[in-house]
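Step one of this worksheet: look at the structure below.
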Amino acid sequence: MAPPIASAEIRLSYSLYALDFDPQDANRLVVGGGGGAGQSGVGNQISVLDTSTKEALQVVSEIELSRDEDSVNTIAVGPRKKNSILVYAGINSSEDDVKKGKNEHFRVFAADLPSKAKAAAGGPKITELSRSSLFTTKDTDAYQRVLRISQPYEGSKQVGAVATGVYQAAKDPQIAIFDVPSVAGNNTAPKLRGNLELVKEAMDMDIIQISDDEYQLVYCDDYDIHTLDVNNKAESKDLYCVWTMPHDESMGAKARPSFRSIRYLTPTFVLCVANLPQAGGCVLQGFRLPNPADIGKDGKEGKARLALSVHLPKNVRRGTGLAVRNLSPSTTPSQKQGDTQFVIAVTGQDSSITLYTLEHQALAGLTLISNCHIITTLKEVHPGPISGVAFSSFIPPVSGGKSPATIKLASIGSMGNTCVVHTLPLKKLPPSTSISSSVKSLAPARYVIALKSHGPGHRGFLLFLAISAVFIAIMAQALMEVNGLAPPILGTKHVVPASWQAPYIKGLREEARLRKLQKEQEGSNPLADILIQQPQEGVPKVVIKQEEGGNSEGGIKMVLKQEEGSEEITMVEEEKAGEKGKEWEELPVEQQELWKKALKKAGHWGEDVGEAVFKGVLFGEIGGLVGAFVRG
């Protein structure tokens, strides 16, 4: 059962395509979208929402944009400037301007912060400050599909990047890297660093500050992950491919998962959403990036390594978006990331949001990510596809304050014009002992998600064990039935060929049949006892000879005798005791027939016993007396 998560929803008058939280205020959310250029009747707008209450969302301010231009495709909230926040948006110019080669797609807006003075003047407003063109492509179908800016640090410059997208086939994909202008000056337009000409269109990208004057860009296309190191000296290193999605041979030579989204966890790790071929599911993958000094080297040193892989629930056949938030981020770019928990949201094609927690551990200079556990899946969050998802920043509550620690998750739907904000509760962990490479210190208290998460279920493993146990039991019963060691429950002996039965089992059956034959005879038959003893290596051969005489059982007397000084047990005639016999196969056919008739007449042998029992037995000649008796 899914844990209870508070949510609030608002329906606006236009389709929503982009959103972002104010990094300094989790209660302020900026959304944008619209109907684009044309006669759709739906305007293009940007709205600022108040998310301070769990039960409802309120529009604080909004701006109506030109209906001759494209809708708002991307939004990123930048730093504060005086009593307003800067909002960066991707909006294509009008169709006529684009055809003339003028597409001022990068827009900067100032959204007023609420105040008493603004309330008296009619409320906060949103004002457009500047327009810029960062792309050099001449493709009239290109638009600003992806926008990212680095996390703000006090005293550090922010760097951003935008990537092109096209409505049809990509002709000239690009990524433009720019500096976020300082809030101290009057210029709000971005300063272009340079453009990257791509072979394939970037599906998604992210940017992070890795030191006081260095940044790193990561982007993914369908099957590759690329990185680029950028420094504050306006010098860029080469673009390197650090990972290529391997082919899945089980699905054909051309079938392999494709990347959909990518986000930085730390400068060492990135997290990706990959979709399996033919809508076969979605996978959350974490990669350890190579060291900056090793990027570009041949072999494994210059490549990323897969650190984790988690399949999303079966209802998510295709992932559409990704949001990540670090609950205990470093306070400076150069500070190493310690133990922390990340909260992750993955949107699916079925309008669901799957929530995960992921642990980052640092010990003695080593870092790893582990325990990617699912919290819950929020189903049918919007009436149509989810077009965007974002986490608010987390600012720990003031000590002694009454407000509980929470983090907000916002999502928007393009078809229903809906915006939904879920509030996730947090809890504080006590300080713990941290062991660095040289000193032992007390790590500060940190926050984690208060909702219970759990790892992969063991139901499939237990089912596999149960099926395996039943299969082994059936096979054991079948084998024992074939070998006659168990009662015929399965009836295997009627299906399995007789040649599969063990030879010694045949011998046991033959011995049992001979014993049964012996018991059917009256009295004790020494000859039958000898016949059922199969000759083995090292055991003396049995010699059977005729003795003239008669008795009440047919006129022939059979006796056993062991010669002195010999280990051979013989059945002899008194006057020919020393004569040796012949193997059954050496006897003439006439002698064999006489012996069989004589032994059968005396009750020592039957047709059902067969001649196999005579193997290894020596026979003497059978005389005319016996022959006459048998014939008579």
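The values are calculated or read from the model by the stated rules, or taken from the named source; none is laboratory data. Just so we're clear, the structure is a prediction, and the values are computed from it rather than from any experiment. Reconstructed Cβ throughout: ideal geometry from the backbone, glycine too, with neighbour counts over all protein chains shown. All accessible areas refer to the heavy atoms of the entire protein, side chains included, with ligands and DNA or RNA removed. Shrake-Rupley method; radii C 1.70, N 1.55, O 1.52, S 1.80 Å.
Taking all protein chains together and a probe of 1.4 Å, list E64, E201, E621, E69 from the most accessible to the least accessible. It would help to have the intermediate numbers written out before the result.
Details: E64 100, E201 45, E621 125, E69 20 Å².
Descending accessible area places them as E621, E64, E201, E69.
In the complete set of protein chains, residue-level accessible area for M475 is approximately 90 Å², probe 1.4 angstrom. Convex hull of alpha carbon positions in the range 315-430: directionally averaged projected area 9.0 nm². Once all protein chains are placed together, S328 keeps about 30 Å² accessible to a 1.4 angstrom probe.
Could you tell me which of the pairs K54/K402; K314/K428; K54/K118; K171/K408 are separated by over 27 angstrom between their Cα atoms in the structure shown? Kindly include the intermediate steps, with their values, before the conclusion.
On the way: K54/K402 15 Å; K314/K428 33 Å; K54/K118 25 Å; K171/K408 38 Å.
Over 27 Å Cα-Cα: K314/K428; K171/K408.
Here the range 12-106 exposes an accessible surface that is 40 percent carbon and sulfur, computed with a 1.4 Å probe and the other protein chains kept in place.
Per residue, the accessible area of the range 286-408 comes to 48 Å², computed with a 1.4 Å probe over protein heavy atoms only.
Considering only Cα atoms, the convex hull volume of the range 63-128 works out to 87 Å³ per residue.
Got a number for carbon plus sulfur as a percent of the range 335-400's accessible area, 1.4 Å probe? Carbon plus sulfur share of accessible area: 55 percent.
Between S258 and S309, the FRET efficiency estimated from the beta carbon spacing at R0 = 22 angstrom works out to 0.90. Shown are S387, S84, whose ranking by accessible area with a 1.4 Å probe and every protein chain present, most to least, is S387, S84. Other residues within the sphere of radius under 15 Å centred on the Cβ of I262, judged by their own Cβ, net out at 0 (K and R +1, D and E -1). What does the charge count near S130 come to, summing +1 for each Lys or Arg and -1 for each Asp or Glu among other residues with Cβ under 10 Å from its Cβ? Charge balance in the 10 Å sphere: 0.
Using heavy atoms of the protein chains and a probe of 1.4 Å, the accessible area assigned to C372 is about 20 Å².
In plain terms, if you count all Cα to Cα distances in the range 317-361 and split them into 10 Å steps from zero, the share in each step is 27, 39, 24, 10, 0 percent.
Label-to-label distance for L463 and K200 is 3.4 nm, based on points extended 7 Å past Cα in the beta-carbon direction.
Farthest toward the positive end of the dipole of the range 79-194, out of G160, N187, H105, is the Cα of N187, where the dipole comes from beta carbon charges about the Cα centre.
Measuring max minus min along each principal axis, the C-alpha atoms of the range 1-129 give extents of 51, 43, 24 Å (largest first).
Per residue, how much accessible surface does the range 67-213 expose to a 1.4 Å probe? Answer in Å², no decimals. Write out the running numbers ahead of the final one.
Values: 6820 Å² over 147 residues.
Here the per-residue accessible area is 46 Å².
The reciprocal of the average 1/r between distinct C-alpha atoms defines the Kirkwood hydrodynamic radius, which for the range 153-209 equals 13.0 Å.
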